[in-house]
Amino acid sequence: MASTFFKNRRVYLLTSVAYMGSLLFGYDTGVMGSVLALKAFKQDFGLPTTSNGFNNARNAYVASNVVSLLTAGCFFGAILAGFLNERFGRRYSLMFFSVIFLIGAAVQTAAHHEIGMIYGGRVIAGLGIGGMSAITPVYVSENCPPNIRGRVAGLFQLFLVTGSTFAYWLDYGVSLRIPVSTKQWRVPVAIQLIPGGVMLAGLFFLKESPRWLMTNNRHAEAATSLAYIRCESEDHPEVVAELAEIRAALEEELMATEGVTWKEVILPGNRYRFIVAFCLMFWQQASGTNSIGYYAPQIFQTVGLSKSSSSLFATGVYGTVKMITTGIFLLVGIDRLGRKWSLVGGAAWMSAMMIIIASVLATHPPVVGSGTVSKASIAMVTMIYLYVIGYSASWGPVPWVYLGEIFPTRLRAYGVSMGSATQWLFNFMWTKITPEAINNIKWRTFLMFGILCACMSVFAFLFIKETKGKTLEEMDVLFGAVSAEQRRDDVERAMMEKKETAHIEHETAAPLKV
């Protein structure tokens, strides 16, 4: 394990810098969900301070706007990323979107008594986060060796939940330690500028994706970049073989489509991948996870933890459970259990937990104004924790890993951009309607999510193909874009061409004997 980690140390370094974007997404969602429950924020922006959860229509309306506007910005950022990612490369595109995020974070921090500034800052920050979410899975997957790709690419989710967990506990801390004032909510909102700045600075020291360089006919730079990330020399057999496989896959794509990128999408092997990616990200949002993640303090108040400090503490525990489970799953689960069965089992587990929550909330609703926490409320909080354990070991990290690995090189940026935009579109929808749903249909909201989770399990069983242990170029064979025999022949031909080119260069460079 130690030797594998050391050999792939540059992969992990690249991942740590790139996934700061995921940490920012987690932090920004977590911090605002908890800030909305702070009395100081309500006072500064003229919101009712005497109601808890979503029992007040005004609080529910503002909360849904603050959260959903971020996801609206993310949707457009993800779409824009698809074009910038292909035109300017992974690294420079990430730099651009990190600057956009920093501007949005600064606007939120500077807001004072005008909820419109919060709204505007959320949209701008969302553009940055959405763009980063569409690029980082591509950038990391294209640099990962197949034997650790599931674990490393899945760190996207671990960074995300680490960011949200830190935000949850920070908000709990400021609610206890900082008196009710503007400073109480402004400090946690401002802290997001730190990881944003770290990410921007770190990107200056990384190299471009070798697959993107190869796509743009920059073969020498691609060889240098791949050798660097693999900690080997450019003539090492593993580096030579991987470059040959990348080159063979690109040549096959060009021959099949004559260089017209948009036609590639409708080819049978690619069409299936795009449809599965769209459905996968749709179902991830239909699980109800972000509805709980964004509004955790208010939801804990809804199920019976009426005090603000109690709900914030429960939210911190929720984030911690999510972070620990995600880390364990990435370490020992995703590359052993695989993608398909993790999704099938996780969805079934989440469905059971949501239906139990709905049943308890329907039969034992919390007593408004009660100073104690009932056994039914404790049971519902426990079910929420068990639900997030199932999510963190399945539909949390796996869709992002799957999205980053299934597409061919020439379509990967567009495919991940489409999947990411889908995620943000339905993220926006669910986060917009969740406060209103809980305010109006109560326990039936959780029943709805339980039914949707059951449908997710069926979808994964029927349509998800197992990808663990396969190289990115082998995905073409798995999804039927090319036969295994053709790929093998093309790789052998690419390696022969490489050897012939090297031999000719050697003969040309050799001094003449007299």
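The values are calculated or read from the model by the stated rules, or taken from the named source; none is laboratory data. What you are looking at is a predicted structure, and each value in this text was computed from that prediction instead of being measured. A quick note on method: Cβ atoms are made from the backbone with ideal geometry, for glycine too, and the neighbour counts reach across all protein chains shown. Protein only, heavy atoms only, side chains kept; ligands, DNA and RNA dropped before computing areas. Shrake-Rupley method; radii C 1.70, N 1.55, O 1.52, S 1.80 Å.
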- Query: Local charge sum around Lys340 (other residues, Cβ-Cβ under 10 Å, Lys/Arg +1, Asp/Glu -1)?
  - Reply: +2
- Tally Lys and Arg at +1 and Asp and Glu at -1 over the other residues with C-beta under 13 Å from the C-beta of Gly77: what net charge comes out? 0
- Message: Strictly over 28 Å apart at the Cα level, which of Lys39/Lys432; Lys322/Lys468; Lys207/Lys468; Lys42/Lys375; Lys7/Lys207 would you flag in this model?
- Response: Lys42/Lys375
- For segment 264-503, report the accessible area per residue in Å² (1.4 Å probe, heavy atoms, rounded to an integer). 38
- Message: So if each residue of separation counts as 0.36 nm, and I subtract the Cα-Cα distance between Val99 and Ser483, what length gain in nm does that give?
- Response: 133.9 nm
- Task: Quantify, in whole percent, the carbon and sulfur part of the accessible surface of segment 339-420 (1.4 Å probe; protein heavy atoms only).
- Result: 74
- Over segment 57-159, give the accessible area per residue in Å² for a 1.4 Å probe, as an integer. 28
- If you wrap a convex hull around the C-alpha atoms of segment 264-503 and split its volume per residue, what is the figure in Å³? 135
- Task: Based on alpha-carbon positions alone, could you give the equivalent ellipsoid semi-axes of segment 173-212 from the gyration tensor, as √(5λ), descending, whole Å?
- Result: 37, 8, 7
